[in-house]
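Below is one structure, written out as C-alpha cells, with a few remarks after it.
The values are calculated or read from the model by the stated rules, or taken from the named source; none is laboratory data. Here the structure is a predicted model, which is why all the values come from computation and not from measurement. Here the Cβ is made from the backbone with ideal geometry for all residues, glycine too, and neighbour counts use every protein chain on show.
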Ligand SMILES: Cc1cc2nc3c(=O)[nH]c(=O)nc-3n(C[C@H](O)[C@H](O)[C@H](O)COP(=O)(O)OP(=O)(O)OC[C@H]3O[C@@H](n4cnc5c(N)ncnc54)[C@H](O)[C@@H]3O)c2cc1C
Ligand code: SF4
Ligand code: SF4
Ligand code: SF4
C-alpha cells in the first residue's frame, strides 16, 4: 500500500485549535502527531510574582470551558501551601460548583460537539433545523448547569466568589428553592440524554491502558481525594511529580505526560467511571446498566455515554448538597507565608494538577499546571496507532472523520493546555 | 429585514475560549439571535470551513501573540466589514500581556525546557495590528451586550455600550465600597460598566477586566490609593492585569 | 391612539412620504403624522424622531411652517439613530415627538432687517425662517442670507437657492472652505464670516440669526460684536446631547439654561456668560 | 396629632402597613449599615431604624429606579409601562434630608410637561419619615434647612425617643394609614423630648456651607483654577452622581427583548461626571475636561438649581463626600471659593 498522510488541520468541535497528522504506511501508522497550534499563553511565567490570593481568579482564565475546575484547583493548592483547612459546608458547596461545571461541559460535549458526528450534521446549529427538540434539550441541560454555576460562583464563565479560604459570599438563600426545582426538572432531560447516546453507533474499538482518577472514600470524587491508578497505586498532589512526568516533544504539540515506568495513560470520564463506579448514585448506576456500559470500559468512543451518566450523577449530588443548605462561613483570612502547595481535582475532562511555590510574602515563585488534555494527549496518539490498522482501508474522508471522532471523544480542551505551544502546521 | 441575515464569523486567537463560550451559553437566546444572524464560521461548534465570501461581522476573541496570529488577524480584517474585538485579550492583550514586561526568552524558558521550538512574542490587543470597529468588554464578555451588539448590527446600525463606570453600578446595587471600608484597591472607578458591578457585588474588588472608561482619571485613582496607604507594589500588580491602565499612567 | 396620552415620552406615528438626497451624507425626510394630527411648529423648533430599537434623536424642523400637513427633517448621517434613519424607505413609519423648544423670535424682529448666517447643517433650522419671510415678505426689511459649507458638495437645499434669490429685497451669498479639483464654483472661498463684508447693516435696525457648528458661531458672534451689534440683536441656535427634549434628562444644560426648553434659539445676551458654551 | 409607638411594636406596625396593601420599603441591616429593601411580612423584624445614612438615596431609587422601562414596542404598537395605581408603596424611616431631596426632584419631574412615571409612583407613595436622632461629621443639612427634622412633606413622621417612637401625623393619608392600629396619644413630655432630641442632633452637626450670596460667588469662580486642581484628584467615577439624592439625569436606551420580540425603551441613571454625558456626534464634547465636569456638578448643586427651580440643589446629606474615593468634599470646595479655607 502506498504511504498516505491524513492531515486533519484545525480539528473542529474541540475547544481550542489543534490538528492531527497521521502518516500511514502499509496499513500501519508510521507517525501520529496531535499538534496544537493554539498559541502558548505562558501562565506559568506570568503567574510568577503574582499574589497567591489571585490564583483562583487568574488561573480560571486558563480555560473558558472549565474555569471552575482551574479556580478550585488553584484555591486548593494555595490552601494546601498555607495549611488552611475548610469547613464541611464550604467543601460541599465547592463540589456542587465543580459538578455544575462538569454537567455544563458534558452537556455541551454531548449535544454540540459529539452528537453532530453520530447524527450526521456538521454542527448542532445545522442540526437544529431538523432536530430542534434535541438541540433545545441540550440547551436546557446546559442552562440549568449554568444556573447553578452562577448561583454559587456568581458568573458562569470565570467564577468570582471562589476564593482561597472559601467563598466571598453565600449563595442567596431565597433563590435556593428555584434552583433545586430546576435541577429536579432537568433529570427528565438527563434520562432522555441517556437514551440518545445509548443509541449512537459507536465504532468497535478497545484499548487497554492505565486509567487515573481522583478517589475519595465514600464518594464519586471530584474535588477531594488522592489520585488512584488502575494499576493500584495512590498518590496525592505533593507526590504527583514522583508519578507523572513530562517530556517536550520536538514536533511541537503539548508536552507529553508520562506515567512512572514510561507509559501513556487516560484520565477523564472513562477513568472516573472505571475506578469509582461503586460510588455512583443508584440512579446513575441504573442509567449505566440501561445503556449497557460497565467497568472496565475500554472503548474511548463510549465516553460519550459516561458523560451522560455523569450528568445524572451531578444532578443528584448537587441536589443533595444544596438541600442541606447553602450558608457558608466567610472566607478565612489566610496568613501569607513561604510554602509549597499542590492539588489534584477532577476537571470535566479528567485529572487536573496545580502546584505552587510561594515566597514569604505569598507571591508565586513557581507555578506548575498540568491539564487533563495534556495528560491524555499521548494516549490519544496511541489510540490512533491502535485504531488505524482496522480502518486503514477506508477512503481519506471517512478515515479523517473517524479520527476526528476519536480525538473528540477525549473532548480535548486545547485552550487550557497551558503546556501547549505553537506552531507550524506540518504538511508533507 | 435588511439585506438578509447578518453574516458573522467567530474567530479565536490566543485566549481561553471563554468569550466564545458566552456566545454558546446564550442557549435559547442564541436560537433567537440566529433568526437574524448566520454563523458562517464558528470552529468551536461547527465543521464549516473558512468562508470564501466576505463577512459582515467578525467577532474575534484573543490576543495576538505571534506572527501567525498577526497574519491571521489581518486576513480576518480583510474579509470582514465590521470587526469586533471581543473580550479583554482582544482589547488589550488581557492577562497574556502581563508578561510583556519580562523578556520573552525568560518567559519561554519558565514554561518549556527547550524553548528553541517555541515562537511567541509579546501579547497585544487587536488594534495594534488592525482597525477595530467595536469592542465587547470584559473577561469574559457580557452575554446581554453581545446580544445587543449583534441585534444592532443585524439592522445595520453600529452597536452601543453605555459609557458608565463599574463604580456607578456598584453604588446602584447599594454595595458598601470595598476600597473605602477595607482599603483594598478597586478599579471600579475607572472601569467600563455594564457587568452590573459583578465582582464588587460579590464581595471582591474590581480587577478592571472591562478596560478603562474614556474620560475617567486613573492617575487620580492611583493617588487615592496611595493616600489610603496601598503599597506601591500592590498598585503595580493591580494596574498590570486585564487592561492597559498602566499604559495610561506611565505616559 | 398615542396622541391622546399625556405621556410626553410617547412618540406619535408619522409616515415617511418622501426622501430627498441633499448631499452624500445628508437626506431630507418628508413626514406626515398619522391620525390627521398635523405637527404645528414655529421656525427654529425641533422634533425628536424615534427609530424603534435604536433610539431617538433631535432634529430641527426644516420645512416651511406654512405647509400644514407635512413637515421635513434634514438629517446628516453621523451615528446610530441617523444610520438607522438612512435605511428607511418611503412608506415606513417612524415615531415623532414634539415640536419642542423656543423658535426664532420672528415676531420680535418684525420690521427690522435680518442677516441669516448659516454654516453647513446649520441651514436646516433657518430654512423655515426663509420660507416664512418669503410668504410674509412685507413684515421684514432687507434680508441677507450668508451660507458657508466645507465644500460645494456639503451644501444643502441647493435646489432652492434660485428661488431664495428671487425673494424681493433678499440676497444670498455663498462660500466654501475648499473647492475640490474639477468642481464648478463661482462664489466665494473662505469662512462664512468673510461674507459679512457684503452686508452693510443698518445698525440698531438689524437682527442676526446664526446657526452652525459651535466654533463657527463663536467667531461669527465675536465679529458681529466688533461690527457694533449688541448681544441682544444676535440669536444663535445651539445643539447639545439630548435625551428627552423636555428638561428632565439633564444632558442639554449649559449653566442654568436648558437647550431643549430655554433654547435651542438663544439670545447672545442670555448665554454670553455661561460656561461650557464654546470650547 | 401625635402618638407613641413602643419600639417593640414596630414590627407590628410594619405588618399593619403591609396589611393595608402597601409594598413596604424600609431600612434593614446589611453589614455595618442599613439599606432600603422591600420587606415582606416575615421580614418585619429586620427593620432597623437606627441608621444615619444609607449609601443610596431611598426616595430617588424608588421614584426614578436606576433602570426603568418606559415603553415596550411591538409590531408597531407602543405600550406605556406606567406603574398602575395598584402598586401602592409605603416607605418607612426616611430622614428629612431625603424627603427634602424628593421635594426637589418633584420640582424637576412635576414641572410641565409632567413625567408620568414619576407622577404615578409619587401618587402611590406614602411617606413615613424619621427625624434624625444622630448625625455624623459628614452631615450638613442645617446649612439648607433640610434637616435634621421635618415640618412638612410627610404623611407620618417618627422620632426616636429611646424606648419608643413619637409618631406625628402630617396628612390625611397618614392618619388613614394608622386607622385602627392602636397607639396611645403622645403627652407634652413626649413632644418636649422630641424637641430636645432635635436640638441635640443639631448640635452634633459640625459641617457647614455658607449659602449667603453663594450664587454670586459660584458664578464668579467659574474660571477659578480650583476646578483643574480637583480634576487631578477626581477619578471621574460618577459615584457622586449616583448617590446624590437630587441628581436626576438619565440616559435612554433601546434594547431588544428577544423572547417577546419587542423593543424596550428604558431610562438609566446618568451623570454629568461622565465623558459621554456631554458628547455629541463625530467626537464633539462640550465638557471634554474633567475640570468642566466637576464644575458642572458643583455648580449645578450650589448655583444653577436656584435659577432653574428656585432652591439650591443640595440637601446636605453628605453622601457624595462619604462615597468619593478621592475624598473630594463639596463643602470644602465652597469654603475655599469663599475664602473661608485655604
Ligand atoms: C436642537 C437640536 C437640533 C438638531 N437638528 C439637527 C438637524 O436638523 N439635522 C441633523 O442632522 N442633526 C441635528 N441635530 C443633531 C442630531 O441630534 C444628532 O446628529 C443625532 O442625535 C446623532 O444621533 P446618532 O444616534 O446618529 O449619533 P450617535 O453619535 O450614535 O449618538 C448617540 C447619542 O448621542 C446623542 N447625540 C449625538 N450627537 C448629538 C447632537 N449633535 N445633538 C444632540 N444629541 C446628540 C444622541 O442622544 C444620540 O442618541 C440636532 C440636535 C439638537 C439638540
Ligand atoms: S467588576 Fe471589574 S473585574 Fe469584575 S467583571 Fe466587572 S469589570 Fe470585570
Ligand atoms: S449634578 Fe450633574 S448629574 Fe446631577 S442633576 Fe446636575 S447635571 Fe445632572
Ligand atoms: S465621587 Fe469623587 S472621584 Fe468620583 S466622580 Fe465624584 S468627585 Fe470624582
Enumeration of residues in region D:21-33 that are buried (at least 16 other Cβ atoms within 10 Å of the Cβ) and either under 22 Å from residue D:173 (Cα atoms) or in contact (Cβ under 8 Å) with a residue 24 or more places away in the chain (or both): D:22, D:23, D:24, D:25, D:26, D:27
Qualifying position, being out of contact with any helix residue (DSSP H, G or I) (no Cβ under 7 Å at 6 or more places or on another chain), without any contact (Cβ under 8 Å) to a residue 12 or more places away in the chain and outside the structural domain of residue B:86 (by TED's automatic domain parsing), among B:174, B:229: B:174
Subset of region B:126-147 [more than 7 Å from every other protein chain (Cβ to nearest Cβ), surrounded by 24 or more Cβ atoms within 10 Å (Cβ to Cβ) and assigned to a loop (DSSP other than H, G, I, E, B)]: B:137
Test: residue in region B:148-159 that is out of contact with any helix residue (DSSP H, G or I) (no Cβ under 9 Å at 6 or more places or on another chain) and either more than 7 Å from every other protein chain (Cβ to nearest Cβ) or touching a residue at least 60 places away in the same chain (Cβ under 8 Å) (or both): yes
Condition met for residue D:270 (within 14 Å of chain B (Cβ to nearest Cβ) and either over 26 Å from the mean Cα position of the chain (by Cα) or within 16 Å of ligand 2 (Cβ to nearest atom) (or both)): no
Residue within region A:160-167 that is surrounded by fewer than 21 Cβ atoms within 10 Å (Cβ to Cβ) and either touching a helix residue (DSSP H, G or I) at 6+ places or on another chain (Cβ under 9 Å) or outside any helix (DSSP H, G or I) (or both) present: yes
Subset tally (residues that are facing chain D (nearest Cβ under 7 Å) and closer than 20 Å to residue A:333 by Cβ) for region B:181-197: 0
Residue within region D:318-327 that is within 16 Å of ligand 2 (Cβ to nearest atom), within 10 Å of chain B (Cβ to nearest Cβ) and assigned to a loop (DSSP other than H, G, I, E, B) present: yes
Out of C:215, C:199, C:208, sole residue that is touching a strand residue (DSSP E or B) at 6+ places or on another chain (Cβ under 6 Å) and under 21 Å from residue C:269 (Cβ atoms): C:208
Single condition residue D:251 does not satisfy, out of (1) buried (at least 20 other Cβ atoms within 10 Å of the Cβ); (2) more than 16 Å from ligand 4 (Cβ to nearest atom); (3) assigned to a helix (DSSP H, G or I); (4) within 14 Å of another protein chain (Cβ to nearest Cβ): (3)
Residue in region A:87-102 that is at negative phi, away from chain B (no Cβ under 14 Å), in contact with a strand residue (DSSP E or B) (Cβ under 6 Å, 6 or more places away or on another chain) and at pLDDT 95 or above present: yes
Matching residues, region B:160-180, being more than 7 Å from chain D (Cβ to nearest Cβ) and within 16 Å of ligand 1 (Cβ to nearest atom): B:160, B:161
Selected residue (criterion: modelled with the lowest pLDDT) from residues of region C:9-47 that are farther than 24 Å from residue C:135 by Cα and not in a strand (DSSP E or B): C:36
Among (1) away from ligand 4 (no atom under 16 Å from the Cβ); (2) at positive phi, the one test that residue B:197 misses: (1)
Candidate set: region D:273-317, residues that are assigned to a loop (DSSP other than H, G, I, E, B) and more than 10 Å from every other protein chain (Cβ to nearest Cβ); chosen: the one farthest from residue D:142 (Cα to Cα): D:310
The listed residue being closer than 19 Å to residue D:66 by Cα, more than 16 Å from ligand 3 (Cβ to nearest atom) and within 17 Å of the chain's Cα centre (by Cα), out of B:161, B:147: B:161
Where a residue in region B:198-214 is away from chain A (no Cβ under 13 Å) and touching a residue at least 12 places away in the same chain (Cβ under 8 Å) and its partner, wherever it lies, is in a loop (DSSP other than H, G, I, E, B) and buried (at least 23 other Cβ atoms within 10 Å of the Cβ), with Cβ under 7 Å and at least six apart: B:211/B:137; B:211/B:243; B:212/B:243
Unique residue being within 24 Å of residue D:249 (Cα to Cα), without any contact (Cβ under 8 Å) to a residue 12 or more places away in the chain and surrounded by fewer than 19 Cβ atoms within 10 Å (Cβ to Cβ) when the list is D:83, D:65: D:65
Of residues in region D:282-302 being within 16 Å of ligand 1 (Cβ to nearest atom) and touching a strand residue (DSSP E or B) at 6+ places or on another chain (Cβ under 8 Å), the one nearest to residue D:219 (Cα to Cα): D:286
All positions within region D:79-122 that are within 13 Å of another protein chain (Cβ to nearest Cβ) and part of a strand (DSSP E or B): D:79, D:80
Which listed residue, of C:101, C:91, is at positive phi and within 16 Å of ligand 1 (Cβ to nearest atom): C:101
Any chance residue B:248 is facing chain D (nearest Cβ under 10 Å) and away from ligand 2 (no atom under 15 Å from the Cβ): no
